[in-house]
Amino acid sequence: MGRAAPETGRGSRRRGTARGGALLVAGRHVLSSLVDVVWPQTCAACALWIPGDMGLLCPDCLAEIEAAAALPACPRCGRTASPLTMFDGRCGLCRHERHWNVAGIARIGEYHIAPLQRMLQALKFGTPDRPAAVLGQWLAAALRRQPWIAEIDVLVPVPMHWLRRWQRPCDHAQVLAEAVSERIHIPVHRSAVRREKYTRSQTRARSATERFRNVRGCFEPARRPAVAGRNVCIIDNLVVTGATLHEVAKVLRQAGARRIWAAVAARSGFAGDREVRIPTTNPAEETG
Ligand SMILES: [Zn+2]
Ligand SMILES: [Zn+2]
(Lines give C-alpha, C1' and ligand atoms only; values in the text may rest on other atoms or scores of the structure.)
(Ligands and ions follow the chains in the order given, each with its own letter.)
Protein backbone atom coordinates (compact mmCIF):
# COMPACT_ATOMS: atom_id res chain seq x y z
CA MET A 1 0.00 0.00 0.00
CA GLY A 2 2.93 2.14 0.80
CA ARG A 3 3.88 1.91 -2.86
CA ALA A 4 0.31 1.91 -4.20
CA ALA A 5 -0.61 5.34 -2.86
CA PRO A 6 1.96 7.34 -4.86
CA GLU A 7 1.00 5.34 -8.01
CA THR A 8 -2.65 6.28 -7.46
CA GLY A 9 -1.51 9.84 -7.01
CA ARG A 10 0.44 9.75 -10.29
CA GLY A 11 -2.61 8.17 -11.97
CA SER A 12 -4.78 11.02 -10.73
CA ARG A 13 -2.23 13.51 -11.87
CA ARG A 14 -2.10 11.76 -15.27
CA ARG A 15 -5.89 11.80 -15.55
CA GLY A 16 -5.87 15.42 -14.47
CA THR A 17 -3.17 16.21 -17.05
CA ALA A 18 -5.13 14.30 -19.74
CA ARG A 19 -8.30 16.25 -18.86
CA GLY A 20 -6.28 19.46 -18.94
CA GLY A 21 -4.84 18.49 -22.33
CA ALA A 22 -8.28 17.68 -23.74
CA LEU A 23 -9.63 20.98 -22.44
CA LEU A 24 -6.69 22.80 -23.98
CA VAL A 25 -7.27 21.11 -27.36
CA ALA A 26 -11.02 21.87 -27.17
CA GLY A 27 -10.21 25.46 -26.17
CA ARG A 28 -7.84 25.83 -29.11
CA HIS A 29 -10.47 24.37 -31.45
CA VAL A 30 -13.11 26.85 -30.21
CA LEU A 31 -10.63 29.71 -30.49
CA SER A 32 -9.62 28.63 -33.98
CA SER A 33 -13.29 28.41 -35.04
CA LEU A 34 -13.90 31.87 -33.61
CA VAL A 35 -10.89 33.22 -35.50
CA ASP A 36 -12.28 31.55 -38.66
CA VAL A 37 -15.59 33.36 -38.14
CA VAL A 38 -14.20 36.73 -37.11
CA TRP A 39 -11.17 36.67 -39.37
CA PRO A 40 -11.64 33.91 -41.98
CA GLN A 41 -8.59 32.46 -43.66
CA THR A 42 -8.56 32.69 -47.41
CA CYS A 43 -6.84 30.65 -50.10
CA ALA A 44 -3.43 32.18 -50.92
CA ALA A 45 -4.22 31.79 -54.62
CA CYS A 46 -7.93 32.48 -55.23
CA ALA A 47 -8.90 34.25 -51.95
CA LEU A 48 -11.85 31.89 -51.28
CA TRP A 49 -12.58 31.24 -47.61
CA ILE A 50 -11.09 28.00 -46.28
CA PRO A 51 -11.17 26.41 -42.80
CA GLY A 52 -8.07 27.24 -40.77
CA ASP A 53 -6.80 23.66 -40.63
CA MET A 54 -6.64 23.22 -44.42
CA GLY A 55 -3.34 24.95 -44.98
CA LEU A 56 -2.97 27.91 -47.29
CA LEU A 57 -4.71 26.64 -50.43
CA CYS A 58 -8.31 25.65 -51.16
CA PRO A 59 -8.80 22.08 -52.49
CA ASP A 60 -9.28 23.28 -56.10
CA CYS A 61 -6.10 25.38 -56.22
CA LEU A 62 -4.16 22.65 -54.44
CA ALA A 63 -5.34 20.05 -56.98
CA GLU A 64 -4.41 22.31 -59.90
CA ILE A 65 -0.89 22.93 -58.57
CA GLU A 66 -0.42 19.25 -57.71
CA ALA A 67 -1.40 18.25 -61.25
CA ALA A 68 0.89 20.89 -62.83
CA ALA A 69 3.85 19.95 -60.64
CA ALA A 70 3.40 16.26 -61.50
CA LEU A 71 3.80 16.87 -65.25
CA PRO A 72 7.21 15.83 -66.60
CA ALA A 73 9.54 18.72 -67.42
CA CYS A 74 12.69 19.12 -69.45
CA PRO A 75 15.53 19.12 -66.89
CA ARG A 76 17.46 21.62 -68.99
CA CYS A 77 14.89 24.37 -69.75
CA GLY A 78 11.95 23.57 -67.46
CA ARG A 79 9.36 23.36 -70.26
CA THR A 80 6.70 20.72 -69.78
CA ALA A 81 7.79 17.89 -72.04
CA SER A 82 7.12 14.20 -72.42
CA PRO A 83 10.08 11.92 -71.59
CA LEU A 84 9.56 10.43 -75.08
CA THR A 85 10.65 13.72 -76.67
CA MET A 86 13.86 13.92 -74.60
CA PHE A 87 17.17 13.27 -76.22
CA ASP A 88 20.52 13.71 -74.52
CA GLY A 89 18.76 15.25 -71.48
CA ARG A 90 16.97 17.95 -73.50
CA CYS A 91 13.54 18.46 -74.98
CA GLY A 92 12.94 19.08 -78.66
CA LEU A 93 12.68 22.85 -78.17
CA CYS A 94 15.88 23.49 -76.24
CA ARG A 95 18.03 20.94 -78.03
CA HIS A 96 19.20 23.54 -80.54
CA GLU A 97 19.15 26.57 -78.25
CA ARG A 98 22.49 28.02 -77.34
CA HIS A 99 21.42 30.62 -74.83
CA TRP A 100 20.92 28.48 -71.75
CA ASN A 101 23.70 29.34 -69.41
CA VAL A 102 22.58 27.17 -66.52
CA ALA A 103 23.02 23.42 -66.20
CA GLY A 104 19.40 22.70 -65.35
CA ILE A 105 16.16 24.19 -64.09
CA ALA A 106 13.69 23.16 -61.40
CA ARG A 107 10.24 24.70 -61.60
CA ILE A 108 6.84 24.19 -59.99
CA GLY A 109 4.75 24.34 -63.17
CA GLU A 110 3.74 26.33 -66.22
CA TYR A 111 2.77 29.99 -65.77
CA HIS A 112 -0.65 29.52 -67.36
CA ILE A 113 -1.76 27.48 -64.31
CA ALA A 114 -4.19 29.96 -62.74
CA PRO A 115 -3.35 29.53 -59.01
CA LEU A 116 0.37 29.72 -59.75
CA GLN A 117 -0.11 32.86 -61.83
CA ARG A 118 -2.24 34.53 -59.15
CA MET A 119 0.28 33.79 -56.41
CA LEU A 120 3.14 35.13 -58.54
CA GLN A 121 1.17 38.33 -59.15
CA ALA A 122 0.49 38.66 -55.41
CA LEU A 123 4.16 38.00 -54.63
CA LYS A 124 5.21 40.76 -57.01
CA PHE A 125 2.54 43.38 -56.51
CA GLY A 126 0.39 42.44 -53.50
CA THR A 127 0.91 40.96 -50.06
CA PRO A 128 3.81 38.55 -50.43
CA ASP A 129 3.86 36.52 -47.19
CA ARG A 130 1.36 33.74 -47.87
CA PRO A 131 2.11 33.31 -51.60
CA ALA A 132 5.82 33.16 -50.72
CA ALA A 133 5.17 30.45 -48.12
CA VAL A 134 3.22 28.30 -50.61
CA LEU A 135 5.56 28.89 -53.55
CA GLY A 136 8.60 28.28 -51.31
CA GLN A 137 7.16 24.95 -50.22
CA TRP A 138 6.41 23.81 -53.78
CA LEU A 139 9.68 25.07 -55.20
CA ALA A 140 11.59 23.28 -52.43
CA ALA A 141 9.71 20.10 -53.43
CA ALA A 142 10.65 20.66 -57.10
CA LEU A 143 14.29 21.10 -56.08
CA ARG A 144 14.26 17.91 -54.01
CA ARG A 145 13.39 16.00 -57.18
CA GLN A 146 16.57 17.22 -58.92
CA PRO A 147 19.63 14.96 -58.82
CA TRP A 148 21.82 18.07 -58.33
CA ILE A 149 20.20 19.35 -55.13
CA ALA A 150 22.91 17.79 -52.93
CA GLU A 151 25.56 19.71 -54.87
CA ILE A 152 24.12 23.21 -54.26
CA ASP A 153 26.18 25.31 -51.85
CA VAL A 154 24.26 28.54 -52.01
CA LEU A 155 21.02 30.10 -53.33
CA VAL A 156 21.34 33.41 -55.19
CA PRO A 157 18.13 35.36 -55.89
CA VAL A 158 18.02 37.41 -59.10
CA PRO A 159 18.71 40.93 -57.80
CA MET A 160 16.27 43.80 -58.25
CA HIS A 161 17.37 47.33 -59.07
CA TRP A 162 16.94 49.68 -56.09
CA LEU A 163 14.58 51.91 -58.09
CA ARG A 164 12.31 48.98 -58.94
CA ARG A 165 12.49 47.76 -55.34
CA TRP A 166 11.19 51.17 -54.34
CA GLN A 167 8.14 50.64 -56.59
CA ARG A 168 7.34 47.14 -55.34
CA PRO A 169 6.14 45.77 -51.98
CA CYS A 170 9.12 43.43 -51.73
CA ASP A 171 12.09 41.97 -53.57
CA HIS A 172 10.13 38.93 -54.76
CA ALA A 173 13.09 36.74 -55.78
CA GLN A 174 14.74 37.30 -52.43
CA VAL A 175 11.54 36.55 -50.50
CA LEU A 176 11.11 33.37 -52.55
CA ALA A 177 14.75 32.34 -52.02
CA GLU A 178 14.36 32.75 -48.26
CA ALA A 179 11.17 30.68 -48.25
CA VAL A 180 12.96 27.91 -50.19
CA SER A 181 16.03 28.13 -47.95
CA GLU A 182 13.89 27.60 -44.84
CA ARG A 183 12.82 24.24 -46.24
CA ILE A 184 15.96 22.88 -47.83
CA HIS A 185 18.45 24.47 -45.40
CA ILE A 186 20.77 25.88 -48.04
CA PRO A 187 21.87 29.46 -47.31
CA VAL A 188 20.82 32.47 -49.39
CA HIS A 189 23.57 34.74 -50.64
CA ARG A 190 21.62 37.84 -51.53
CA SER A 191 24.46 40.14 -52.45
CA ALA A 192 26.52 37.99 -54.82
CA VAL A 193 25.26 39.90 -57.87
CA ARG A 194 24.19 43.53 -58.19
CA ARG A 195 21.74 44.92 -60.71
CA GLU A 196 23.54 48.00 -61.96
CA LYS A 197 21.30 49.15 -64.79
CA TYR A 198 17.66 50.04 -64.48
CA THR A 199 15.97 48.39 -67.44
CA ARG A 200 12.41 48.56 -68.67
CA SER A 201 10.23 45.61 -67.69
CA GLN A 202 10.89 42.43 -69.68
CA THR A 203 7.15 42.12 -70.27
CA ARG A 204 7.38 45.06 -72.71
CA ALA A 205 9.91 43.33 -74.95
CA ARG A 206 8.32 42.23 -78.21
CA SER A 207 10.69 39.42 -79.05
CA ALA A 208 12.92 36.95 -77.31
CA THR A 209 15.99 38.62 -78.78
CA GLU A 210 14.79 41.96 -77.40
CA ARG A 211 14.47 40.39 -73.96
CA PHE A 212 18.11 39.29 -74.17
CA ARG A 213 19.20 42.75 -75.34
CA ASN A 214 17.20 44.42 -72.58
CA VAL A 215 19.09 42.72 -69.75
CA ARG A 216 22.47 42.39 -71.42
CA GLY A 217 25.23 43.76 -69.17
CA CYS A 218 22.84 44.96 -66.47
CA PHE A 219 24.32 42.74 -63.72
CA GLU A 220 27.69 42.95 -62.07
CA PRO A 221 29.40 40.85 -59.45
CA ALA A 222 29.40 42.27 -55.93
CA ARG A 223 32.70 43.46 -54.48
CA ARG A 224 32.97 40.24 -52.51
CA PRO A 225 30.68 37.82 -54.31
CA ALA A 226 31.86 34.83 -52.21
CA VAL A 227 30.78 32.30 -54.84
CA ALA A 228 34.26 31.31 -56.06
CA GLY A 229 34.51 27.54 -56.27
CA ARG A 230 30.92 27.12 -55.10
CA ASN A 231 27.89 25.58 -56.76
CA VAL A 232 25.04 28.04 -57.09
CA CYS A 233 21.31 27.81 -57.65
CA ILE A 234 19.76 31.04 -58.97
CA ILE A 235 16.24 31.72 -57.69
CA ASP A 236 13.62 33.69 -59.62
CA ASN A 237 9.85 33.82 -59.90
CA LEU A 238 9.53 33.18 -63.64
CA VAL A 239 11.58 32.11 -66.63
CA VAL A 240 10.36 33.07 -70.10
CA THR A 241 13.27 33.09 -72.53
CA GLY A 242 16.03 32.57 -69.97
CA ALA A 243 17.58 35.98 -70.74
CA THR A 244 17.82 37.10 -67.10
CA LEU A 245 19.12 33.74 -65.89
CA HIS A 246 21.66 33.79 -68.70
CA GLU A 247 23.03 37.18 -67.62
CA VAL A 248 23.06 36.42 -63.89
CA ALA A 249 24.78 33.08 -64.51
CA LYS A 250 27.38 34.80 -66.70
CA VAL A 251 28.28 37.18 -63.87
CA LEU A 252 28.35 34.36 -61.32
CA ARG A 253 30.69 32.41 -63.54
CA GLN A 254 32.95 35.47 -63.90
CA ALA A 255 32.98 35.60 -60.10
CA GLY A 256 34.26 32.02 -60.01
CA ALA A 257 31.08 29.98 -59.43
CA ARG A 258 31.65 26.36 -60.36
CA ARG A 259 28.30 24.90 -61.40
CA ILE A 260 25.11 26.91 -61.84
CA TRP A 261 21.47 25.78 -61.86
CA ALA A 262 18.23 27.67 -61.46
CA ALA A 263 14.96 27.19 -59.59
CA VAL A 264 11.98 29.22 -60.74
CA ALA A 265 8.39 29.19 -59.59
CA ALA A 266 6.98 29.05 -63.11
CA ARG A 267 7.97 28.46 -66.71
CA SER A 268 6.36 30.47 -69.43
CA GLY A 269 6.60 30.13 -73.18
CA PHE A 270 7.33 33.03 -75.49
CA ALA A 271 6.39 33.31 -79.15
CA GLY A 272 9.56 33.15 -81.17
CA ASP A 273 11.79 31.80 -78.41
CA ARG A 274 13.00 29.13 -80.80
CA GLU A 275 14.56 31.73 -83.05
CA VAL A 276 16.70 33.57 -80.52
CA ARG A 277 20.43 33.18 -80.95
CA ILE A 278 22.69 35.05 -78.59
CA PRO A 279 26.32 35.23 -79.68
CA THR A 280 28.82 34.74 -76.90
CA THR A 281 32.47 35.63 -76.74
CA ASN A 282 33.28 32.85 -74.32
CA PRO A 283 32.23 29.31 -75.29
CA ALA A 284 32.36 28.36 -71.58
CA GLU A 285 29.33 30.57 -71.06
CA GLU A 286 27.25 28.18 -73.07
CA THR A 287 27.97 25.16 -70.97
CA GLY A 288 26.30 24.39 -67.71
ZN1 LIG B 1 -8.01 28.62 -54.11
ZN1 LIG C 1 14.15 21.76 -72.87
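The values are calculated or read from the model by the stated rules, or taken from the named source; none is laboratory data. The structure displayed is predicted, hence computed values, not measured ones. Here the Cβ positions follow ideal geometry from the backbone for every residue, glycine too, while neighbour counts run over all protein chains shown.
Kindly provide the set of residues from region 221-245 that are touching a residue at least 40 places away in the same chain (Cβ under 8 Å), touching a strand residue (DSSP E or B) at 6+ places or on another chain (Cβ under 6 Å) and not in a helix (DSSP H, G or I), ordered by number.
230, 232, 233, 234, 235, 236, 237, 238, 239
Out of 22, 18, 45, report the one residue that is away from ligand 2 (no atom under 16 Å from the Cβ) and modelled with pLDDT of 85 or more.
After ruling out the rest, the residue left standing is 45.
In region 217-239, which residues are at pLDDT below 85 and within 20 Å of the chain's Cα centre (by Cα)?
None; the set is empty.
Can you report the number of residues in region 119-129 which are hydrophobic (A, V, I, L, M, F, W, C) and away from ligand 1 (no atom under 16 Å from the Cβ)?
1
Which of (1) more than 28 Å from residue 60 (Cβ to Cβ); (2) at pLDDT below 90 is the odd one out, the single condition residue 159 does not satisfy?
(2)
Looking for something free of Cβ contacts under 8 Å to residues at least 12 places away in the same chain and either away from ligand 1 (no atom under 14 Å from the Cβ) or outside the structural domain of residue 245 (by TED's automatic domain parsing) (or both) - is there at least one such residue anywhere in region 99-118?
no
Within region 40-93, how many residues are within 13 Å of ligand 1 (Cβ to nearest atom), part of a helix (DSSP H, G or I), touching a residue at least 60 places away in the same chain (Cβ under 8 Å) and not β-branched (Val, Ile, Thr)?
0
Looking at (1) of a type in the set (Ser, Thr, Tyr); (2) more than 18 Å from residue 141 (Cβ to Cβ); (3) near ligand 2 (Cβ under 10 Å from one of its atoms), which one does residue 82 not meet, given that it meets all the others?
(3)
Can you tell me which residue within region 240-268, out of those that are of a type in the set (A, V, I, L, M, F, W, C) and modelled with pLDDT under 90, is farthest from the chain's Cα centre (by Cα)?
Only one residue tops the list, namely 243.
Please go through region 166-179 and pick out each residue that is in a helix (DSSP H, G or I), more than 19 Å from residue 117 (Cβ to Cβ) and touching a strand residue (DSSP E or B) at 6+ places or on another chain (Cβ under 9 Å).
Listed by number, the residues that qualify are 174, 177, 178.
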